[in-house]
Structure formats: structure tokens, C-alpha cells
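Data block below; observations after.
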Amino acid sequence: MERDFDIALTVNGVRVARRVEARQHLVDFLREELGLTGAHAGCEHGVCGACTLRVDGEIVRGCLMLAVQAHGRRVDTIEGLSDSGELAALQKAFHEHNALQCGFCTPGMLLAAQELLRRGGKPSREEIRAHLSGNYCRCTGYQAIVDAIEQVLHGQG
Amino acid sequence: MGKAELPLHAPARQADKGYIGQSVPRPNAQRLLQGRGTFVDDLRLPRLAHVVFVRSPHAHARIKSLRLQQAQAAPGVIGVFDGRAVAQVCTPWVGVLGHLKGIKSPPQHAIAIERACWQGEAVAAVVAESRAQAEDAAALVEAEWQELPVVVDMEQALAGRPVIHPELGDNVCFKREHDTGGVEDAFAKADLVVEETFHFGRHTGVCLEGRSILADYNAAEHSLTVYHSTQAPHMMQDIFARHLGIPEASVRVIAKDVGGSFGIKVHVYPDEMATAALSVMLRRPVKFVADRLESFLTDIHAREHRVKVRLACSKAGEILAFDLDDLTAIGPYSVYPRTSGIEGNQVVNLTGGPYRHQKYRAKLHVVFTNKNVTCQYRAVGHPIAVALTEGIVDLAAQKLGMDPAEFRRRNLIPDDAYPYTFPSGIKFEKLSHHQCLDKLLALMSYGKLREEQAALRKQGIHRGIGLAAMIEVTNPSPAFYGVGGARISAQDGATLRLEPSGMVTVLCGVTEQGQGTEAIFAQIAASAVGVGMDKVRVITGDTGVTPYGGGTWASRGAGIGGEAVLLAGRALRSNLLEVAAAVLKVDQQELDVADDHVVNRLTRESKLPLAELGRIAHFRPDTLPPDFQAELTVTRHYTPRQYGFTFTNGIQASWVEVDTATGFVKLLKHWCVEDSGTLINPMLVDEQLRGGVVQGIGAALYEECLYSPEGQLLNGNLADYLVPMALEMPDIVCAHVETPTKQSQLGAKGVGEAGTAGAPGAVMNAINDALAPLGARVTAMPFTPERILRALRKVP
């Protein structure tokens, strides 16, 4: 059985090509092969959300997707979305509310929150909490995160 | 201005001195917000090797044979090692302390030799060029086991069925009895005696970043650099030095970003010691990162207790005496170097702590079992002591038909009674229980909430209010560990340096785990020196550059490290004024530092920008008087000594609704009023409290490491072990009373553990308050729907 595959994909707007093991997870590929260490491996079984990435515009768990499955697709990480400015409002609000402590969950939390913002509408606090229920944070107690997201939602008028 | 001039806590101070008390965002959060932090697993070193451990599948078994050859031949493998091989480089340790009289534990090795004593104990190490290759090879290690009798139940362990370490004689690691005398007499004379047995589930920290270590041995220098996700770099420096035979000053421990710790990352772990030893053996950098399954099996667990507690009181509701018997199980070894006796010891020290009774008796047994080890986890012993105290107090109030808030008011130590010695021997400098209680009741509109509760009960909606008063150990003196022989620093130091550009660099031994240490040090330094926070940079977590210190544990960072920064800041400012006086040829007494400038003390007019002072002092000292030397780097240290611990106090309240059909508990709201002395950054303090409360809620409702009778961990993954997530958590209202400690000039006490200390008791009391009209009561955490339905007699 073939173990290694050639893949080509766009990561944060840059074309990359690599030969990868079939079993390598997307988050490990980004971290190990490309040095993009912003997405973190927290549980490696799809529960904690620390490895959240965006693939073709949809958020996914980087530990539940294989690198080979990203062939031909567009992957965006916390680094790219920070540089493009897309997350700036959320990052500012997270900073002002201290919506992070150790910061290990934060990249995933921001990508999940941005997904909610992109859907539009005015979700309630309860709905914000529900949307974040796939992202584990041990430090904050979640309240400041909800406050920060709520502020950005209201700021958007 | 003299030494004590900084109006640190005056209400309307000027901005140049006033960062203390302000909710300033953390400067160091920016990198984390962009995913540009540096956690251990983010580092890349040349020739980096990866280690994976073969772990015992049995809770207790003799290793008959380990066949390593096949693994050794696997692709990418650099070496495969058993316990004996690693023991050639790394000496074993024993987790005992002199001041815990009679505590015993057998020697423990980095990798087990001959026998594994819990499921998950490492028995071999596989090092390869990649983690995947190491994991592949680990699967090829063949072990032949002889299973041994297992003891997982603590009562059985206490009875010695069987004894895990025969050379120790029994399974009792540590026992303690404390008795003020007169307890039996108080119970005999009491109008009311209430008794209850409480059970606390074994749970764990679940840091989102697993334990991580990258050890880099330099054979030419016989030196070791360790990048470590740790709370206590200097403690680890000492341990690596002693157990690997490397001079202390040749070991450098660097803790960059740490992805959560909560006490999990302040202990010596065998697999981490093995990683350092392997780096020495292989003369190259070796990395170990615990995956989630390994974390559940090997990160310290905590809080498995069974406690019988009795309370005696008068008809008028006066508590006369407490009597308790605590049994706790810690796994097969006492953890090094802090020991696993401390948690139970804290239960004995702290139970009944907010109240003014004088008679107290407590008995503690700490026993070995064949489960993973337990040790100090956030709030160490407090969640148990608080829940026991507040659970039995509520029961007494209920039996007397007295409102629980009123019952507490009658018994809390009066605010004017300090200094005060509690019957367990601990001393309180100054607490504010009554102020906190009053503030809490007002904050939550207690009377109205009771009315709402009564009205809803008539509609069949079962809501409950739970209160939990608490005391907490913070700012520990050497009495915690040092007196027992542990090489754990009780003091911390801070160095402040004026850079030529007028900026200030702060170096401190206390570490940052996201709680905001570096931010508050910047606030204190900027305030003490007289510069803007934008002019301050803070470096922590590196034994190679920071002053020696204890690091982060026991809520000591702000109170001890912060005081060192304050003292160093004042000293630096004094030195700056000396330089300025020499430059300006005026009396130093005429000058002050404010807004990055030396100013006239009275007119506040700028006399010399610090950038100019820095330029002259560093590059043109020839223009200063010939006998004058500017000292722009100062170091100061601080050790709390007057009290063993600087106790804080607070009170929490929980408001819950119990669904009596499903047994589910909905958390509606939570309040916390805390007195942690001087508040340095209220926003960070509140977030610490909330995070702590949520961790305590996890203990109360969700979290438990479940073991089978064979000692197999049944739910060691994040899907089966439940942790609090955003949806289930309530909004948490925080408020403060400020009673600065007079032991330091900063006045700060610790706050990092208060939330976790009080929340389980508050939630338990709220559930029992909701269930009371139904004649049901729960006393075993976590309060799962099954346990609640059983209490309601809806399931067998």
C-alpha cells in the first residue's frame, strides 16, 4: 500500500507542495512541515478545538483531517488571518477583556468566534456560549471570551 | 521623597504612579492572540530527537521481560532503553518532607525497574528521529508481565489488603491527628450534633497543553538546557542538577509560554526526568510531549477523599466544635519533592477555618493505592475543607430551622478579632468575613432571591442557593516546604535595569502561565520607578537570567514576586535620582521621577528625560563627578516571614436549578466576593477568580477519574472525562473587599486559587438547598445526574 503522497495546497495565500505520509494530520503537517505553530494539538481526538483551522472557508479540526485531504484546497491559519487583519476586531476585544490567559486555546477560539461573526445576525449570550461549546478553555471561565465576542457583535452595528 | 512615599493605594493618584489598581490589558497577550507564542512543542532544534514511552497496561505487575530488539531495529530509532539503563544516569528520589512527621514512600525511578505500580507507569523509552517513528517502534516493544494483586479502594488500602510496598510495612504514607482537647465534652453538651460523610472524586488538571519538555545536553560543557512547561524553573534546575550529576549553575531551565498549569506542572514527573537523562545519554536534544491519553494516565490526579465530619452546636446556633476523619488515597508513590501528604494536611489545617469555635479534632490517613499518583492541584485541600465545612454548617442550620446566611453571620470570626489563632494552629493576620458576607448578600439580592425561590417551588421548579465561606493559604513562607527540607525557594527576587533609552527591564523568578504575572510586574515597576508601562519589558521563566525564586504556586506570584519588583523599583528610582542630582548639580531631595522624566518635586516641571539620563550614565559617565558611579541595575528580594501564610478570605454563592426528572443541574448564576488585599489589576483578578470558579464547578458536577476494580482508568480521554465548556457555565459576578497585608509594602495577597477553593462547596449547598423540600441530599462529588436521581430515589 502506498504510504506517501504528493500534495499541493494554498496555505495563508501561499502555494506549497510537499510529500506527506498518508497518516499525517493536517495540524501536524502545518506545525511540523511548514512551521506554522499557531494551531495547537490539544487532545488529538476532536474534542478540545485547539487545532481549529479554516479549510476552503469552513472551520475544521486540524486533528481530524489528514494532510492529504487538504490537497488542492485553501487552508487559513491563525497566522494568516492575523496578518490579513480579518481577526483584528476580535483580537482587540479579546485583549481588552483579557479573554485569554495561557493562550493555548486562543487561536482556535478566535477562529470559532470569527465563524460566528461571519454568519451575521445578533446571537444572544446563550447562543455565543453554545457556538463555543466545542472549544475548551481551562483558564478563563469563558465569561470574558463571551464578553469580547458580544462587544464585537454589537460594534458591528 | 522618602522610602514609603508611593501612594500605592490612595484612591485618586496621578497617572504616573497609578498603574496599581488599574485594569490594564496584558502586554504579553498580543503574541498569544496571533498564535505567535512559544510553547515547548513550538521549538525546533538541530538534531532534535523525540521520545515516546512504553507504559504499563496493568495497575500492578512484575516485568518478567522486556524485549527491545525489534523496536531498536525499527526505522528512525535512535535508542530504546529500560529502567536500569536510565538509572545509570538519573538517580531515584523519595517524596518525603521532614515536617510531615512519619511520612514514608519508596524510592521512585525515572523508568520503572522490575515492577509497575499503576496503569500508565513508564517501563521503557523509545527515542527516534520523529515522534511518529518513536510511536511505531514503541508498539514493537514486547513485555511479559506477571500481574500482581491490586488495591484501588482506599478502605482496602488502609486495611493493607494487600500492602503495595512490603518493605514499608503497610499502605499508610502519612497520618496525622490534631486535637485541641475538650471535643468530646463539647459534643456531649451540645444541643445539636450533625454528622455526614462526604466523598470527593479523584480528578485532574487537564491543562490544554500537555506536559512538555525539551532537554538539550551539551557534552562538551557537561551542561544542560531544559525548555520546560513548568511553574518552578529554579526548583527543576536543582532537581536536574542533583539527579543527573550536573553542577547546578550548568543547568538552565527555561519556561517560555506555558499552556496552563494549575499545579499540574510543579512536580517531578518520571517521564520528564527520563527525557533529561536521555538527552545526557544520547548527547543530543530530546523532546517529550505528553499526549492527551498519557496526560490522563500520568498528570497528577488529586482530591480522592472520604471524610466523616461532625459538628456540635447550641440551640442558639453557635458552633461549639468540629470533628473530622479524612481518608485519602494518593497512588503508589508520594510525589517528589512536595509530597502527596500536603493535600490531606491542608484539610486538617483548614476545615472549619472561617468560624470561631475553639474545639477541634481531626484525623487523617493518607494511603497508597494502585492508581495514578495524586499531588498538589489548584487550591490544594481547600475545596475539600470548604465543602466539608460549608456542607455540615448548612446541615446544622437546616436542623435548627435557621437561615444559612444568618447561621454564618453568628459564627464567622468577627472582623475586629485579628490577629487570630485558629484551633488547628494556623494564624490569621487580618480577615474580613463579615464585610464579605454583607457585600455578597447585597450583591446577589439574597432576600429577593429567597422569595423568588419560594415562589418557584410552588410551581414545581426546584432552585437552590448555596453559600460557601472560605479561607485560603497565600504568600507561603518557608514553613510550607523549606522547613521540611525541600529545596523550594520561599523567597523571590526581582532585578530592574534602566536601559540607555530610558526603558526599564524587569527580571523576576516568578513565572507566567497566563495569569498575568508579567503584566502586573510591569504595572508595579512602572508605578515604582515613575515611567509609563510602555517603557517596561518583563522577562520571567529563565534560570539563566532571572534572580532565584520559587516560581508560581500557592498563590504567591503577586504577593511575593510583586513585592520584590516594588522594592527593586523604589531602589532603582532612588538610584536614578542620585544620577540626576549629579547631572543637574542639585540636591537629590528636590527631584522626583514621573512620566519618564526626572522632574522638580514641587513644580513637576521636567528637568531631565530618563532617556537623556540613560545616555549620560551609559555612554558619557566621563561628564559625571569622578567619584560617582551610576548604578542602574538593582536587585531586591522578598520573603514573607511574620506569618506562616498570608491568609485571604472570601465567600461564594451559587444559584442553581435541579431538574428532578433528569437529575441535571443548571447553573443560573454564581457570585464571588474575595478579599485578596491590594488589587493590582482588577480585570485580571476577576478573570482568575472566574476561571477558578469554573474549575471548581468542574469538580462539583462533571470531573472524575474513574477506575475499574482492576485499576484501569475507564474514562481517560476528553470525550469521556467531562470538563466545563462554555454553554453550561453561568455568568460569574465578582466583587472585592480590600484588606492589604501589612507584612509587605504592596499589600497584595494571592488570588489564583480562591475560585476553585469555594465553588464546589457553594454548588453542593445550592443543589442540596434545591433538593431539601424533596427530602433528598447529595454528598458525593461529582453530582452527576445519576447520583441526583438516586438521591431522589428515582433510580436504584
Search segment B:484-505 for residues that are under 21 Å from residue B:641 (Cα atoms) and pair each with any residue that is surrounded by 23 or more Cβ atoms within 10 Å (Cβ to Cβ) and basic (Lys, Arg) when their beta-carbon atoms are under 7 Å apart and the residues are at least 6 apart or on different chains. B:486/B:338
Here are B:723, B:751: which of them is within 27 Å of residue B:293 (Cα to Cα) and among the β-branched types (Val, Ile, Thr)? B:723
Within the bounds of segment B:666-682, is there any residue that is part of a helix (DSSP H, G or I) and within 14 Å of chain A (Cβ to nearest Cβ)? yes
Which number in (1) touching a helix residue (DSSP H, G or I) at 6+ places or on another chain (Cβ under 8 Å); (2) more than 10 Å from chain B (Cβ to nearest Cβ) marks the one condition that residue A:121 misses? (1)
The condition from (1) aliphatic (A, V, I, L, M); (2) touching a Gly at 6+ places or on another chain (Cβ under 6 Å); (3) under 19 Å from residue B:374 (Cβ atoms) that residue B:273 misses is numbered (2)
State the number of residues belonging to segment A:101-110 that are over 18 Å from residue B:265 (Cβ atoms) and in contact with a Cys (Cβ under 8 Å, 6 or more places away or on another chain). 2
Taking into account only those residues within segment A:42-82 that are surrounded by fewer than 21 Cβ atoms within 10 Å (Cβ to Cβ) and within 19 Å of residue A:138 (Cα to Cα), which is nearest to the other protein chains (Cβ to nearest Cβ)? A:45
Examine segment B:713-724 for a residue that is away from chain A (no Cβ under 14 Å) and either at pLDDT 95 or above or surrounded by fewer than 20 Cβ atoms within 10 Å (Cβ to Cβ) (or both), and state whether such a residue exists. yes
The strands (runs of 3 or more DSSP E) lying wholly within segment B:248-334 that contain at least 3 residues that are farther than 26 Å from residue B:424 by Cβ, of a type in the set (Val, Ile, Thr) and in contact with a helix residue (DSSP H, G or I) (Cβ under 9 Å, 6 or more places away or on another chain) are B:251-254
Out of B:617, B:611, sole residue that is over 30 Å from residue B:559 (Cα atoms), touching a Ser or Thr at 6+ places or on another chain (Cβ under 6 Å) and among the hydrophobic types (A, V, I, L, M, F, W, C): B:611
State which residue is farthest from residue A:12 (Cα to Cα) when the search covers only segment A:55-70 and only residues that are free of Cβ contacts under 8 Å to residues at least 40 places away in the same chain and among the β-branched types (Val, Ile, Thr). A:60
Would you mind telling me which numbered condition in (1) more than 9 Å from every other protein chain (Cβ to nearest Cβ); (2) within 22 Å of residue B:514 (Cα to Cα); (3) of a type outside the set (A, V, I, L, M) residue A:133 fails? (1)
Name the strands (runs of 3 or more DSSP E) wholly inside segment B:461-515 in which the number of residues that are within 15 Å of residue B:634 (Cβ to Cβ) and away from chain A (no Cβ under 14 Å) is 1 or more. B:492-498, B:504-508
Kindly provide the set of residues from segment A:13-41 that are of a type outside the set (A, V, I, L, M, F, W, C) and more than 11 Å from chain B (Cβ to nearest Cβ), ordered by number. A:13, A:15, A:18, A:19, A:33
Out of B:115, B:62, B:47, B:55, which single residue is in contact with a strand residue (DSSP E or B) (Cβ under 7 Å, 6 or more places away or on another chain) and closer than 23 Å to residue B:212 by Cβ? B:55
Taking segment B:167-213 as the search range and keeping residues that are assigned to a loop (DSSP other than H, G, I, E, B), among the acidic types (Asp, Glu) and more than 14 Å from chain A (Cβ to nearest Cβ), which one is surrounded by the most Cβ atoms within 10 Å (Cβ to Cβ)? B:170
Would you be able to say whether some residue in segment B:235-244 is within 25 Å of the chain's Cα centre (by Cα) and within 14 Å of another protein chain (Cβ to nearest Cβ)? no
Please return the ranges of helices (runs of 4 or more DSSP H) entirely within segment B:18-88 where 1 or more residues are within 27 Å of residue A:101 (Cα to Cα). B:29-33
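For segment B:357-395, which positions are among the hydrophobic types (A, V, I, L, M, F, W, C) and part of a helix (DSSP H, G or I)?
B:384, B:385, B:386, B:387, B:388, B:392, B:393, B:395
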What's the total number of residues in segment B:701-712 that are away from chain A (no Cβ under 14 Å) and in contact with a Gly (Cβ under 8 Å, 6 or more places away or on another chain)? 2
Would you mention how many residues in segment A:87-118 are crowded, with 19+ Cβ neighbours inside 10 Å and either closer than 21 Å to residue B:205 by Cβ or within 9 Å of chain B (Cβ to nearest Cβ) (or both)? 18
Does segment B:587-594 include one or more residues that are of a type in the set (A, V, I, L, M, F, W, C), buried (at least 17 other Cβ atoms within 10 Å of the Cβ) and assigned to a helix (DSSP H, G or I)? no
Number of the exception - residue B:693 against (1) among the hydrophobic types (A, V, I, L, M, F, W, C); (2) facing chain A (nearest Cβ under 10 Å); (3) assigned to a loop (DSSP other than H, G, I, E, B): (3)
With the structure loaded, tell me whether residue B:603 is more than 14 Å from chain A (Cβ to nearest Cβ) and either touching a His at 6+ places or on another chain (Cβ under 7 Å) or surrounded by 15 or more Cβ atoms within 10 Å (Cβ to Cβ) (or both) or whether it fails that test. no
I'd like to verify a number: residues in segment B:172-221 that are out of contact with any strand residue (DSSP E or B) (no Cβ under 9 Å at 6 or more places or on another chain) and either of a type in the set (A, V, I, L, M) or touching a residue at least 40 places away in the same chain (Cβ under 8 Å) (or both), how many? 5
Every residue in segment B:618-636 that is under 14 Å from residue B:491 (Cα atoms) and surrounded by fewer than 19 Cβ atoms within 10 Å (Cβ to Cβ), please. B:635
Picking from B:121, B:142, B:135, which residue would you name as being touching a residue at least 60 places away in the same chain (Cβ under 8 Å), surrounded by 19 or more Cβ atoms within 10 Å (Cβ to Cβ) and among the charged types (D, E, K, R)? B:121
Please tell me if residue B:524 is modelled with pLDDT of 95 or more and touching a strand residue (DSSP E or B) at 6+ places or on another chain (Cβ under 8 Å). no
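The values are calculated or read from the model by the stated rules, or taken from the named source; none is laboratory data. Source: prediction; values computed, not measured. Don't worry about glycine lacking a Cβ; one is built from the backbone with ideal geometry, like all the others, and counts go over all protein chains shown.
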